[in-house]
1. Sort out which residues of region 25-51 are touching an Asp or Glu at 6+ places or on another chain (Cβ under 8 Å) and crowded, with 19+ Cβ neighbours inside 10 Å, and write them in order of number.
2. Select from region 321-337 the residues that are within 23 Å of E197 (Cβ to Cβ) and aromatic (F, W, Y) and list them in ascending order.
3. Of all residues in region 208-232 being of a type in the set (K, R) and out of contact with any Leu (no Cβ under 7 Å at 6 or more places or on another chain), which is nearest to V252 (Cα to Cα)?
4. Return the residue satisfying two criteria in turn: it lies in region 283-309 and is within 16 Å of I37 (Cβ to Cβ) and not charged (D, E, K, R), and of such residues it is farthest from the ligand (Cβ to nearest atom).
5. Within region 285-302, how many residues are over 16 Å from the mean Cα position of the chain (by Cα), on the phi > 0 side of the Ramachandran plot and touching a residue at least 60 places away in the same chain (Cβ under 8 Å)?
6. If you check T73 against the conditions, is it within 18 Å of I344 (Cα to Cα) and among the hydroxyl-bearing types (S, T, Y)?
7. How many residues are aliphatic (A, V, I, L, M), within 11 Å of the ligand (Cβ to nearest atom) and either more than 19 Å from D140 (Cα to Cα) or without any contact (Cβ under 8 Å) to a residue 60 or more places away in the chain (or both) if we restrict to region 66-118?
8. Of the conditions (1) within 18 Å of the chain's Cα centre (by Cα); (2) buried (at least 16 other Cβ atoms within 10 Å of the Cβ); (3) more than 26 Å from K232 (Cα to Cα), V340 satisfies every one except a single condition; which number is it?
Amino acid sequence: MLKEFFGTSRSGKRTHLYTLINKQGTQLVVSDFGAIIRKLIVRDKSDMSVDVVLGYESLEKYTTNYDTYFGATVGRVANRIKDGKFNLDGKKYTLDQNNDGNCLHSGFNGYHTRLWKVTDYRDSVISLSLTSPDKDQGFDGNLQLTVTFELTDHNELVVTYEGNSDKKTLFNPTNHTYFNLNGHKSGSILNHDLTIEADYFVPVGPNMIPTGDFQLVTDTPMDFRTETKIGKRLNDPFDQFVLTKGYDHHFVTKEGPDSHLGLKTIAHAKGDLSGIKMTVISDRPGVQLYTANFVSDELGKDGAEYQARDGFCLETQYAPDAINQTNFAKPIIFPNKKVVTQTIFKFNTTNESE
Ligand code: BGC
């Protein structure tokens, strides 16, 4: 176990980094500031250690450049809510408009900017908890939230969220880690191979709010049902890319009314140079693929300078603006009914069998 001082937050609180290690020597470094994943070191096909996530060197950077969401635990509700407004049971709610008039990742005061309380820390497990009071970010209900990161000896990073509110509210947490399976300093991810097990994606209109439709991926650059390089079709004349500057879309990985139940393998990615493979397993209805389109000259850890396409996010969640969209499954939770949701990132190299 290794707990290190990370820095003093703007409000004068001491923050720490916690290292988890499993029997395969995989290492995860998590910060109690923001429940942020700062480092994830796995072995490549030559048995070299590779840090596969983008991150910053200092705490200060995480507090000033919080809108990149590097490694962030995002909540209470990930992604966009149109105009920062929604209705629930006839009551109107107003949230921050922090992104072109819409609310992105719950506004200016996201959970990734808070100091979390470490409630459990062992060799390969850490739990961090947060109390989000009634009216926090504009939502109703005192929400108790715990996120647990566990590194199993099978090289899985298991991320478990537990949420319990005393009032009906929305709950759609995610993790916003940018992966680069060739190593965080290795440049573009466009030659990574990607599979997403989704027949439909959610097209968006202006300012990236969903049109309300589900569109078949067939014959579009959104078809990742068979392994394809991330960059292969990025320059195709596809109307969605004009609006989003790259992949920034929700893929429907589960269809039907029980879409939030049960773990399912939803995506595979592979670093072309490292041979590191990542499988994503989740109980969420979908996943946002984001190719770091808005990252530019971002000074990261170990002297890295990140550009657009130097990382990709697979953010498991409910669809953007779901609460305002008639046909989308809604991230609503009920008073004193604890919700537990899980996403697993499993790593292996091309030398090993799965
Ligand atoms: C969103 C992007 C946004 C990014 C910020 C992603 O989850 O889909 O549109 O720019 O977060 O890092």
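1. K39, L40, V50, D51
2. If the condition is that a residue be within 23 Å of E197 (Cβ to Cβ) and aromatic (F, W, Y), then F328 is the only one that fits.
3. Going through the qualifying residues, I end up with R225.
4. Among those that are within 16 Å of I37 (Cβ to Cβ) and not charged (D, E, K, R), it is A304.
5. Initially, region 285-302 is screened for residues over 16 Å from the mean Cα position of the chain (by Cα), giving 296-302.
Cutting the leftovers down to on the phi > 0 side of the Ramachandran plot gives us 297, 302.
Those left that are additionally touching a residue at least 60 places away in the same chain (Cβ under 8 Å): 302.
Within region 285-302, residues that are over 16 Å from the mean Cα position of the chain (by Cα), on the phi > 0 side of the Ramachandran plot and touching a residue at least 60 places away in the same chain (Cβ under 8 Å) number 1.
6. Details: within 18 Å of I344 (Cα to Cα): yes; among the hydroxyl-bearing types (S, T, Y): yes.
Yes.
7. Of all residues in region 66-118, those aliphatic (A, V, I, L, M) come to 72, 74, 77-78, 81, 88, 95, 104, 115, 118.
This time we only want the ones that are within 11 Å of the ligand (Cβ to nearest atom), so: 72, 74, 78, 104.
Narrowing the set further to residues that are either more than 19 Å from D140 (Cα to Cα) or without any contact (Cβ under 8 Å) to a residue 60 or more places away in the chain (or both) leaves 72, 104.
Number of matching residues: 2.
8. Only one criterion in (1) within 18 Å of the chain's Cα centre (by Cα); (2) buried (at least 16 other Cβ atoms within 10 Å of the Cβ); (3) more than 26 Å from K232 (Cα to Cα) is unmet by V340, namely (2).
The values are calculated or read from the model by the stated rules, or taken from the named source; none is laboratory data. All of these numbers come straight from a predicted model, not from anything done at the bench. Every residue, glycine as well, gets a Cβ built from its backbone with ideal geometry; the counts of neighbours run over all protein chains shown.
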